[in-house]
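Asks: I'd like to ask some things about the structure below.
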Amino acid sequence: MEEKALPIVITGHIDHGKSTLIGRLLYDTGILKEDRYQEITASSSLLGKETEFAFVLDALEEEREKGITIDTTQIYFQTPKRKYVIIDAPGHKEFLRNMITGASYADAAVLIIDSNEGIMEQTKRHGYLLSMVGIKDICVLINKMDLVGYSKDIYDRVVAGMKDFFGNLSLRPRFYIPISALKGNNVAKRDPSITWYEGPCLFEALDELEFKTFEERPFRFPVQDVYRIGNEKIVAGRIESGEVAVGETVYLLSKGLRVKIKEIRKFLEDNIKTASYGESIGLIVEGANGIKRGDILSGDNNVRTVKDFDANLFWFYGEYNKGDKIQIKCTTQESYCSLSITEKFDPATMDKKKEGLHHLEIGEIAKAKIKLRKKIAIDTFSYIPEMGRFILEKNGIPVGGGIIV
């Protein structure tokens, strides 16, 4: 099976070097070819700048002139150990919306800070959002060290400030790395000239993070539909984690039963013995009478089946008022629900709002308890994203979404 890329998000305050870092990653791993590099060098020279790797992402001439990044991108690179996919979003609201709606998700994060400017409010907002979506593996990069003479005192000051900040969120980043994305210091390889720093470079730090791949996590199979073809009943769906084999016994969570996988069906393929994460398949299951859309087949019986849970919400359409009739959709499961908002945040500043907890407007972020009319099976978003992510609908229209924490 082809190795899947580990998704990471790169975030930080505007102009602190995100795009330059991504360009440097692509150049140092050979993805950015020499002719493209020469084009970037020429563009940089016309604007009176050193080679600006941010131009790798800034494809439009208007973006180059303004020095801003507009597009959300997913870009792949590979270290000697494994593959990665970079999830880059232009703002914190877009990042949270994408995580919730399934446009992207990340297992790890890189938070970049300009050593010259230091910790900014947006730096803290992005750090807070990482905690809201359950990302615990974080590498903090103190960038532009070349502009401060590779000062250890400045590095120590930034690190101390971020450790205090993350401590209040019960997070502990694994690495604080002094880098220059523009010069390439401590990105793909260690820079021995920074004699006071003895830790890993960025590539080494990422490669040290240990992740259980989705194939190694427990089997989860939300049932999308059940078809009858002749005398056969085929249970259709997509494997959201783990793998399954013919002859294996799994749990039908809604009924608390153990059932047996008799056959695996794939389009235009025969004699299928196994299937794994990401595959859309059909199953013939023994002992699963009454199975229907919304049921979950699971490799273990440790899944929480609940009528209420805590979540982080993002409201993206219309308004919510206490008592509104809301429907939740998590995988193929559906239930009517009510929201009890416990905290609400200004989307621009992430300041807590202590009033108006019965109401949500477009773009607002909240912590809430979700109370359901009927039980659903859930995992935390950080463990199995599709089992920990949901959409909220009002009158049949998607109005918000969230992740289970």
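Derivation of every value follows stated rules applied to the coordinates shown; laboratory data play no part. Keep in mind the model is a prediction, meaning the values are calculated, not measured. Using ideal geometry, Cβ is built from the backbone for each residue, glycine included, and neighbour counts are taken over all protein chains shown.
Asks: Using the Cβ atoms and a cut-off under 14 Å, what net charge is assigned to the surroundings of Gly318, where Lys and Arg are +1 and Asp and Glu are -1? Could you put the intermediate results ahead of the total?
Replies: Numbers: positive: Lys325, Lys394; negative: Glu319, Asp324, Glu361, Glu364, Glu393.
Summing Lys and Arg as +1 and Asp and Glu as -1 gives -3.
Asks: Want the number for Glu121 to Lys255: 0.36 nm per residue separation, take away the alpha-carbon distance, what's left?
Replies: Extra length available between Glu121 and Lys255 comes to 43.3 nm.
Asks: Answer rounded, prolate or oblate for the stretch 215-298, using the Cα gyration tensor with square roots of eigenvalues a ≥ b ≥ c: rounded when a/c is under 1.5, else prolate when a/b is larger than b/c, else oblate.
Replies: The shape class here is rounded.
Asks: Once you list every other residue whose beta carbon is under 13 Å from the beta carbon of Leu209, what net charge do they have if Lys and Arg are +1 and Asp and Glu are -1?
Replies: After counting each charged neighbour, the total is -1.
Asks: Quick check: residue separation of Phe165 and Asn321 times 0.36 nm, minus the Cα distance between them. What number comes out in nm?
Replies: This chain segment gains 52.9 nm when fully extended.
Asks: Could you work out how far apart the two model spin labels at Ile362 and Lys266 are, taking each label as a point 7 Å from the Cα in the direction of the beta carbon, and quote it in nm?
Replies: 4.4 nm
Asks: Still on this model: What FRET efficiency comes out for the pair Lys369/Lys183, r = Cβ-Cβ distance, R0 = 30 Å, nearest 0.05?
Replies: E between Lys369 and Lys183, to the nearest 0.05, is 0.05.
Asks: If you add up the charges near Pro218, with Lys and Arg at +1 and Asp and Glu at -1, over every other residue whose beta carbon is less than 15 angstrom from its beta carbon, what do you get?
Replies: -3
Asks: Considering Cα pairs under 8 angstrom that are at least six residues apart, work out the relative contact order of the stretch 295-368 and quote it in whole percent.
Replies: Averaging sequence separation for qualifying contacts and normalising by length gives 39 percent for the stretch 295-368.
Asks: Still on this structure, please answer the following. R0 = 22 Å: FRET efficiency of Lys212 with Val85, Cβ-based, nearest 0.05?
Replies: On the way: r = 17 Å, r/R0 = 0.78.
My answer for the efficiency is 0.80.
Asks: A follow-up question, please. Classify the stretch 304-404 from the C-alpha gyration tensor, please: rounded if a/c falls under 1.5, else prolate or oblate depending on whether a/b exceeds b/c.
Replies: Because a/c hits 1.5 or more and a/b exceeds b/c, the stretch 304-404 counts as prolate.
Asks: Still on this structure, please answer the following. On full extension of the chain, what length is gained from Asp15 through Asp310, given 0.36 nm per residue of separation minus the C-alpha to C-alpha distance?
Replies: The Asp15-Asp310 span can extend by a further 102.7 nm.
Asks: Say R0 is 41 Å: what FRET efficiency, to the nearest 0.05, do Tyr383 and Leu147 get from their beta-carbon distance?
Replies: Working: r = 40 Å, r/R0 = 0.98.
E(calc), rounded to 0.05, equals 0.55.
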